């Protein structure tokens, strides 16, 4: 990473939000608190995000992209990404527990995670198929795998299971349906 790279406004707002979320319920954090914490104005926030839930989703997509973009580079594989995901969730456990406990309804973080993770896996499948069309059977397997993986992650984080990120990644790896392996493993 370039040490001189400057942070974007979105990155600064995200850091501010995560700092606040370390000590306060997400549903109680205000836009004013987010902007005051990083020296920005509310209009600046709204130029980039429609609300704090939009920011939560952006953070998740941003961090996801950092992991997924490494696949296929320097021997980095889908299996490596599973470990990086588990490590990321472990490192940010308090933030994720806060997001999972204190979002709901149309702003439910768990719903966003399922949708985003499904799209990540479907994108990898599309790359291998070299088409936008995904057979219904494969689509269904992706959805079931993602929903199960997200639920398992939720239980791991929320119940504070004494399990290493390596073990969680291994469970995710072994849970992948056999027909999907050809699309995600080289």
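Every read-out reported here was derived from the displayed coordinates using simple, explicitly stated rules and does not represent laboratory data. Please read all numbers here as calculations on a predicted model, not as lab measurements. No Cβ is skipped: glycine too gets one built from the backbone with ideal geometry, and neighbour counts run over all protein chains shown.
Given only helices, namely DSSP H runs of n ≥ 4 each adding -39500 (n - 2.57), what is the per-residue ellipticity at 222 nm of the chain, to the nearest 500 deg cm²/dmol?
On the way: 10 runs with 130 residues, N = 186.
Using -39500 (n - 2.57) per qualifying helix, the result is -22000 deg cm²/dmol.
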If packing is taken as the average count of other Cβ atoms within 10 Å, what order do 131-139, 6-14 fall into, highest mean first?
6-14, 131-139
Based on a Kirkwood Rh over C-alpha pairs, give the Stokes-Einstein translational diffusion coefficient of segment 32-125 at 4 °C and viscosity 1.567 mPa s in µm²/s.
87 µm²/s
I'd like the FRET efficiency for residue 162 and residue 74, computed as 1/(1 + (r/R0)^6) with the beta carbon distance as r and R0 of 30 Å, rounded to 0.05.
0.40
Degrees separating the helix 52-68 axis from the principal Cα axis of the chain, which is the longest one
40 degrees
So how much slack lies between residue 155 and residue 173, counting 0.36 nm per residue of separation and subtracting their Cα-Cα distance, in nm?
4.8 nm
Direction-averaged shadow area of the convex hull around the Cα atoms of segment 74-184, nm²?
7.7 nm²
How high is the relative contact order of the chain? Use alpha-carbon pairs under 8 Å, at least six apart in sequence, and give a whole percent.
24 percent
Normalised per residue, the volume inside the convex hull of the alpha-carbon atoms of the chain in Å³ amounts to 143 Å³
